[in-house]
Structures are given as C-alpha cells and as structure tokens.
There are 2 protein chains.
Amino acid sequence: LHRIKASGLKLQLCTNETQATREDFVRKLRAMGFDVSVAEVTAPAPAACALLKERGLRPHLLVHHDLMPEFAEIDKTNPNCVVLGDAAENFTYANLNKAFQLLIGMEKPVLISLGKGRYYKETDGLKLDVGAYMKALEYACDIQAEVVGKPAKRFFESALAELGVPPEQAIMIGDDIVSDVGGAQQCGMRALQVRTGKYRPSDENHPEVKPDAYVNNLAEAVDIILQQL
Amino acid sequence: LHRIKASGLKLQLCTNETQATREDFVRKLRAMGFDVSVAEVTAPAPAACALLKERGLRPHLLVHHDLMPEFAEIDKTNPNCVVLGDAAENFTYANLNKAFQLLIGMEKPVLISLGKGRYYKETDGLKLDVGAYMKALEYACDIQAEVVGKPAKRFFESALAELGVPPEQAIMIGDDIVSDVGGAQQCGMRALQVRTGKYRPSDENHPEVKPDAYVNNLAEAVDIILQQL
C-alpha cells in the first residue's frame, strides 16, 4: 500500500465486511500498519444506504450489532424493505421470523442483502454466511434478493466513482475468483488474482471466470503494476 | 372418518407434521373425536427412520424437541448425515452452524429434510418452515437435500404399502394442491382437492397439477366415495 500510494496511484479497498463499520475496519487495518482512511474503503453497508436513499426505502435491519452505526442517518420507521447482513448472533429464530413476517406482509417484498457469501471461517469454526439466510428468506417469500457488495457491478462502479477513474484505467487485485475477479471484470476492469487467502488451485479451471493474470502475493502484484508505469 | 371405517374401506392419514410424534398427533386427533390409531398415520419422521436404516445412516438431528422420541431406536453416534425437521426454537444460530459444520465436513454431505414447506401459521403469527432452513443449508454446502414427506413419491408409496392397496384402488383427499394432490397423482392415485384449509381459488388454475375432482369439504368427499361403492 505504501508503495502504491508513494507512486501517485489511487487506491480503493473493496470489502464485503458487514460485521463492523468502515471506521472499525480502518482502525483494524491501521493497527496492522496499513495507512488507510475511511474514504478509501468501499463496503456494502454504505452502498446499501445510497440505494435506500435513492429509492426512498425505509429498512428493517437484520444485521450485526456492530454494523448498526452505518445506518444511523437512515429513516427506519414503518419499514418497507428488509436489509440483511451477516448478523451472526442476531440470526435468532425470532429475528428471522420477524424479518420474514415483514417481507411477506409487503405488497411487493424488497430484500436487500449485503452479500451472498456461503460461509466463512472464524477461530471457533466455520459459520453460515449471509447468503444462506438470504436463500432461506428468498425461498419462504418466493422472491429474489437484491445483492449489494461484491460481485455486484454497481458495487465496483461506486468504487470507481470514488476514485474518479474509468474502468479501463483500473486494476483490481483480489483472492476470490467470483466475487473479486468476476465482479471487477464485469465492470470492464482488468483483474489480478492473488494465489493467497481464498485462492484455490481449482480456481484456475473456473468454468466462467478467468483473471487477466495470476500473482503469487500482493507484493508481486504491486511490483508488476509499478513496473508498467 | 367414522363413515369411511364403517363402510369397510381402509384409511391412512398422511401428515407432514414434524413438531410432534405420531403418538402426540393421534392423541390430539382423538381428543377432537377422531377414531385414529398410530398405525393409521404416515409421517415424515418414521419415513426418515426407514430410510436411515436402509442406508446405514447415522443422523445428527436438527428437529423439534418433541419429535426426538421418533428417533429413539436410531444410532446417532458419529453422524454421517443430518436430518432436518421443523425445529422451531431449536433453529438457533449455534444449532444451524453445528449442522452446517457436520455437513461440510462430510466427503459427500447427506441432508435429509422432513419436508420443504415455506412457512406456516401459528397463533402468534407466520413462522419460517423447514424448507427455508433446508435452502440455507443447501446453498451453504452446494448440495441438494433429500426430502422425505409429502409430496415425495416414496412417502405416498409407504402409505399405500401400509394399506396393502395398489395406487389405482386408492383415493387421496387433501387441501394442498402440490404436496397432497400432486404427490398422490405422481404415485398413480386419484386425488380429490377439498376447498377448505390451504385451498386457494387460484389453485384451480395451477400450471402443473389438476386434481381428479374438487369437493367443498371432507364430508362431501366421503359422500362421493361411498356413493361409488
């Protein structure tokens, strides 16, 4: 990151983190030595807020407690949609039924999901991610959720807008073949897949998505990009 | 029911009830004045037990507490499949993650679902049914559940086996166009839809299922059947 910034290139972090505010996320990164500001982070919750405002939607929130502050400015009275995030311990039987009851009671149920991940790893084991609960509500209400966050095209577009850069001048670096590489390429960006994190060797035979190049790690990605300046 | 039995016809009740044992179910019906025995009830839990035994499967149970006794005889050590029922209050975040972790840890995950209902009504409002949780686990594990209970063909076949009657000599009476009418017809039975309970006028334009006849209520169904003896 230091080297990217020192070179004068612009940078935007796109995360599907929905268990914490951007402020918390940036605090963690800074503690790890990364020089990042809140404005340099594109995340699903603020993207959802933009969508809610644009369409005059008032959400019922089924999200993680620590994410609530991102929705502080949003009118949540008399809800006409449900916003679903990785609510973790808030995924109780009562809360799921409540979200369902609100949706099924709407003339045209609107479910906005802050991602569609299947599962993720925590220190105490694998956990069902927001996508699984999204599917439960979709099936019960016979609807399709609107997914905010990667790999949604709109999500990458808002990151590009933040940078003020057209897609053909941007490069995405990520570890997830579908969410990162697929999403960025759909937007017209070039995409590097790093062979770390979520990367699996089987990704290289993915039936639909092919990155523009592979790199062994983030440092190598930066080397390649800086060489081409 | 009295009139059916008095006529010498055989009768089998097919229910998707998975919040109680057959014993409890029969007790409720008897309290309401219906003369029914446990042997006259076909239900998903015993159907699942037959399937588990047949295939040497040892289940992890995510079911309603009151249904547990139906699985008393089944070996549940070192589970190699998950059986999912309408667990109601047992649908906690921890229990869902536990079921998911077991499935994802299996070489070939086996999920047996005691139904695929979307939702049902309780005195305090609509509740998500087992089908919604089934979809969540299916998505997270990228698998298809095996559904026991209506409208599974095997479920109606086991009811017919209990009666000792071939499908063309049996008539199904039910209120659910897909689960009851569709399931029974797939088995080669004729099917009457009663215009009570779950029946909706829109059922009469169902794109796939057409009952052999409609009746206004159960008494009328019995009239018609007894007339034709």
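The values are calculated or read from the model by the stated rules, or taken from the named source; none is laboratory data. Please read these numbers as outputs of a predicted model, since none were measured by experiment. Reconstructed Cβ throughout: ideal geometry from the backbone, glycine too, with neighbour counts over all protein chains shown. Only protein heavy atoms, including side chains, enter the accessible area calculation; ligands, DNA and RNA are left aside. Shrake-Rupley method; radii C 1.70, N 1.55, O 1.52, S 1.80 Å.
Of note:
- Using distinct alpha-carbon pairs, which all enter the 1/r mean, Kirkwood radius of the range B:162-229 in Å: 12.2 Å
- Carbon/sulfur fraction of accessible area - the range B:47-147, other protein chains in place, 1.4 Å, %: 48 percent
- Inter-chain Cβ neighbour count for A:122-129, averaged per residue, equals 4 (cutoff 10 Å, partner chain atoms only).
- Neighbouring partner chain Cβ atoms per residue of A:95-107, average, 10 Å criterion: 3
- Averaging 1/r over each pair of different alpha-carbon atoms in chain B and inverting the result gives 18.7 Å, the Kirkwood hydrodynamic radius.
- Using a cut-off of 23 Å between Cα atoms, the listed pairs B:K10/B:K121; B:K108/B:K150; A:K121/B:K135 include B:K10/B:K121; B:K108/B:K150 as exceeding that distance.
- Checking the Cα-Cα distances for A:K116/B:K210; A:K28/B:K116; A:K116/B:K127; A:K53/A:K98 against a 31 Å cut-off, the pairs over it are A:K116/B:K210; A:K28/B:K116.
- Sorted shortest first, the separations between the B:D24 label point and its copies elsewhere in the assembly read 3.8 nm; each point sits 7 Å from Cα along the Cα-to-Cβ line.
- Nonlocal amide H pairs with B:C81, under 5 Å, H built at 1.01 Å: B:R58, B:H60
- For A:T196, the distances from its label point to the matching points in the remaining copies are 6.8 nm, ordered from shortest, with each point set 7 Å beyond Cα toward Cβ.
- For the set A:D24, A:D75, B:D142, solvent exposure ranked by accessible area (probe 1.4 Å, protein chains only) runs largest to smallest as B:D142, A:D75, A:D24.
- Inter-chain neighbour count for B:137-148: the average number of beta-carbon atoms from partner chains within 10 Å of each residue's beta-carbon is 3.
- For B:Q228, the point set 7 Å out from Cα toward Cβ sits 7.3 nm from its twins in the other copies, listed from shortest up.
- Longest segment of chain B lacking GluC sites (Glu not before Pro) that sit in a DSSP loop with at most 14 other Cβ atoms within 10 Å: B:108-207
- ³J(HN,Hα), Karplus 6.51/-1.76/1.60, whole Hz, each residue of the range B:166-183, x for Gly, Pro: x, x, 6, 9, 10, 10, 9, 10, x, 9, 9, 4, 8, 5, 8, 5, x, x
- Computed as a quarter of the hull surface, the mean projected area of the alpha carbon convex hull for the range A:47-147 stands at 6.4 nm².
- Residues B:M106 and B:K10, FRET efficiency given R0 of 35 Å [Cβ-Cβ distance, rounded to 0.05]: 0.30
- For the pair B and A, the buried accessible area comes to roughly 2600 Å² in total, with a 1.4 Å probe and the value rounded to the nearest 100.
- Probe 1.4 Å, accessible area per residue of chain B, Å²: 50 Å²
- The protein assembly as shown: C-alpha pair distances exceeding 40 Å, %: 33 percent
- Amide H contacts of A:M172 (H built 1.01 Å from N, under 5 Å, at least 5 apart or other chain): A:R190, A:A191, A:L192
- C-alpha center-to-center spacing [the range B:171-191, the range A:50-71] in angstrom: 44 Å
- Here the range A:71-229 carries DSSP beta bridges of which approximately 25% are antiparallel, counting only pairs with both residues inside.
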